[in-house]
Each structure stands twice: as structure tokens, then as C-alpha cells.
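All remarks here apply to the structure that follows.
The values are calculated or read from the model by the stated rules, or taken from the named source; none is laboratory data. Remember, predicted model here, so these are calculated numbers, not experimental data. Here the Cβ positions follow ideal geometry from the backbone for every residue, glycine too, while neighbour counts run over all protein chains shown. With ligands, DNA and RNA removed, areas are computed over all heavy atoms of the protein, side chains included. Shrake-Rupley method; radii C 1.70, N 1.55, O 1.52, S 1.80 Å.
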Amino acid sequence: MVKYEMMLMAKPTITEENYKQLKERLTSIITDNGGELTELKELGKKRLAYQIDNFTEGLYSLFLFSAVPVVLTELERFIKINEDILRHLVLNLSEIKQQEESAPVVKTVESAS
């Protein structure tokens, strides 16, 4: 299984109950398809750098999970049809770790002047 990180930004006008149901649905999509939710962080309401759909704030949540790549297809499908989600971003943490390990090490030399 691959490790992923998903940042989710929901509309600030969503009710607490609907927001809770949204997070539960995303969690169930991950777990029902063989994935494992490692951590769910509530980041709260944050001000946006620019307006998105006439909103200046968003509710942020961070999902850390392990899953097979097929789970991402189902997550993307659900996110696209849900109107309460403004933006989302999914990162493959395994690829990022591999890139960091293969990056060349640059050494700096201080000159004594």
C-alpha cells in the first residue's frame, strides 16, 4: 500500500453535522476499499489568499492514509460530485520520499575572508 496525504478545503457555510458526515464518508471510502486511515487532523477555518466561489474562508482537514491507488479514483469521483468541497490536494508521500532520497547532496563551503 502507498502512503498518501490529502488536504481538503470545504465551504465555510457547511453545517457541523454535514461536515462531520462528509469526513465520515471520505473515511469510509478509504477503509471500505482496503485502505487504512492513519490520522485525521482538523485544521479549522482559515482565511484564503484569494476568493474561491465568492468565499474568503475555508474549513481545512488533513487526511493521512495508506491505500492502493484504486482508492484515489473513488475519492476523486466523490469529491467532484460533492458541492461542499471547494478544493483538495492528494500527495503521494512515497514518491516524495523517494525524490528526497535520490536528490544530490549539495555541500557549501564557507570562505574565510
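Considering only the stretch 29-61, state which residues are free of Cβ contacts under 8 Å to residues at least 24 places away in the same chain and among the small types (G, A, S).
Selection gives G44, A49.
List pairs: first residue in the stretch 1-18 and under 11 Å from F55 (Cβ atoms), second residue of a type in the set (G, A, S) anywhere in the structure, Cβ distance under 8 angstrom, at least six positions apart or on different chains.
Partner pairs satisfying both residue conditions: M9/G58; A10/G58; A10/S61; K11/G58; P12/G58.
Which condition from (1) within 24 Å of N33 (Cβ to Cβ); (2) at pLDDT 90 or above is the one that F55 breaks?
Among (1) within 24 Å of N33 (Cβ to Cβ); (2) at pLDDT 90 or above, the lone unmet condition for F55 is (1).
Give the residue, chosen from L26, L72, L64, that is part of a helix (DSSP H, G or I), touching a residue at least 12 places away in the same chain (Cβ under 8 Å) and over 21 Å from I14 (Cβ atoms).
From the options L26, L72, L64, the qualifying one is L72.
Only one residue in K3, K20, K46, K41 is in a helix (DSSP H, G or I) and either open to solvent by 70 Å² or more (accessible area, probe 1.4 Å) or modelled with pLDDT under 95 (or both), so which one is that?
Going through K3, K20, K46, K41 in turn, the sole match is K20.
Give the stretch 58-94 a look and list any residue that's small (G, A, S) and crowded, with 18+ Cβ neighbours inside 10 Å, or say none.
Scanning the stretch 58-94 gives G58, S61, A67.
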